[in-house]
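Contents: one structure, followed by commentary.
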Amino acid sequence: MARIIVVTSGKGGVGKTTTSASISTGLAQRGYKTAVIDFDVGLRNLDLIMNCERRVVYDFVNVIQGEATLNQALIRDKRVENLFILPASQTRDKEALTAEGVQKVLDEMSETFDYLVCDSPAGIEHGALMALYHADEAIVVTNPEVSSVRDSDRILGILQSKSRRAEQGMDPVKEHLLLTRYNSERVERGEMLSLEDVNDILSISLLGVIPESQAVLNASNQGSPVILEDESEAGGAYADAVARLLGEERPLRFLDGQKKGFLKRMFGG
């Protein structure tokens, strides 16, 4: 049976799809057969980051409505063995994700995959609730700002009360915090919450801290998960997060600002 991981947030634009792409890629690199599923019906950004938008013929909704088989809709990644993408529909209404349909597709995929990574829309709209309901684990993505952290706290409440595991009296959803776009220099200037501030508010297990990095934008524009940019700090931070997800211990890196050179210190650059 596959382990179902939902990547979620309360606020949009925090890096959920970037995270879904990198976490699923990292799991597949480790040898686990992994599928990443786009639950954001109507927008569909995952296939752009995974660089497979031209290969989309059938989508998640087509499978739910019996218009295509799962095998027809799944797209095999060209770069990483064991990695598959199930794109969302760009033309259907969000209500096309029915509880019975989603359950049937996830059950079928669970028979052959090790991990299913669900890229959830932000907030608590229909697609998000569909993804959250089925989670075994949740990666809550937040930026170090008050509104983002506050909205993430609301998502935690839903996971604890409206998930399948809560409904059926099973062990609770395993919650992980992923802090993105972290800039230690801005933290020192009081422009961002510190890691300690975020931990105090959310009080869940820390999966990783992704530093603010141009590499993330570059990778997205090139249609490549940033974890494949292993020379970048962001790519390294995502690789560390995958290792922790699999139970390995990794020290937190990339939390300190770059040390200024002698001339910059002298002249305030």
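The values are calculated or read from the model by the stated rules, or taken from the named source; none is laboratory data. Small disclaimer: the values here were computed from a predicted structure and weren't measured. Using ideal geometry, Cβ is built from the backbone for each residue, glycine included, and neighbour counts are taken over all protein chains shown. Surface areas here come from the heavy atoms of the whole protein model, side chains and all, with no ligands, DNA or RNA. Shrake-Rupley method; radii C 1.70, N 1.55, O 1.52, S 1.80 Å.
Residues in the stretch 127-155 that are touching a Ser or Thr at 6+ places or on another chain (Cβ under 7 Å) and of a type in the set (S, T, N, Q): THR142, ASN143, SER148, SER152. Taken as a whole, the structure leaves ALA135 outside the set of residues that are closer than 18 Å to LEU46 by Cβ, in a helix (DSSP H, G or I) and open to solvent by less than 10 Å² (accessible area, probe 1.4 Å). If you go through the stretch 186-209 and pick out every residue that is assigned to a loop (DSSP other than H, G, I, E, B) and either of a type outside the set (D, E, K, R) or open to solvent by less than 20 Å² (accessible area, probe 1.4 Å) (or both), you end up with 6. What residue, of ASN183, ASN218, is out of contact with any Ser or Thr (no Cβ under 9 Å at 6 or more places or on another chain) and either open to solvent by 40 Å² or more (accessible area, probe 1.4 Å) or not aromatic (Phe, Trp, Tyr) (or both)? It is ASN183. Per this entry, SER205 is counted among residues that are touching a His at 6+ places or on another chain (Cβ under 6 Å) and modelled with pLDDT under 95. The residues on offer are LEU86, LEU70, and the sole one that is at pLDDT 95 or above, under 15 Å from ASP38 (Cβ atoms) and over 19 Å from the mean Cα position of the chain (by Cα) is LEU70.
Can you name every residue in the stretch 212-242 that is hydrophobic (A, V, I, L, M, F, W, C), over 15 Å from the mean Cα position of the chain (by Cα) and farther than 18 Å from VAL14 by Cα? Answer for the stretch 212-242, where residues must be hydrophobic (A, V, I, L, M, F, W, C), over 15 Å from the mean Cα position of the chain (by Cα) and farther than 18 Å from VAL14 by Cα: just LEU228. Evaluating VAL141 against the criteria (1) assigned to a helix (DSSP H, G or I); (2) touching a strand residue (DSSP E or B) at 6+ places or on another chain (Cβ under 7 Å) leaves one unmet condition, (1).
Screening GLU229, GLU248, GLU212 for residues that are touching a strand residue (DSSP E or B) at 6+ places or on another chain (Cβ under 8 Å), among the acidic types (Asp, Glu) and either surrounded by fewer than 21 Cβ atoms within 10 Å (Cβ to Cβ) or at pLDDT 95 or above (or both) leaves exactly one candidate, GLU212. Summed over the stretch 210-236, residues that are in contact (Cβ under 8 Å) with a residue 12 or more places away in the chain, out of contact with any helix residue (DSSP H, G or I) (no Cβ under 6 Å at 6 or more places or on another chain) and outside any helix (DSSP H, G or I) total 3. Filtering the stretch 81-88 for residues that are without any contact (Cβ under 8 Å) to a residue 40 or more places away in the chain, out of contact with any Ser or Thr (no Cβ under 8 Å at 6 or more places or on another chain) and among the small types (Gly, Ala, Ser) leaves an empty set. Within the stretch 117-132, restricting attention to residues that are of a type outside the set (A, V, I, L, M, F, W, C) and in a loop (DSSP other than H, G, I, E, B), which residue is modelled with the highest pLDDT? Restricting to residues being of a type outside the set (A, V, I, L, M, F, W, C) and in a loop (DSSP other than H, G, I, E, B), the top hit is SER120.
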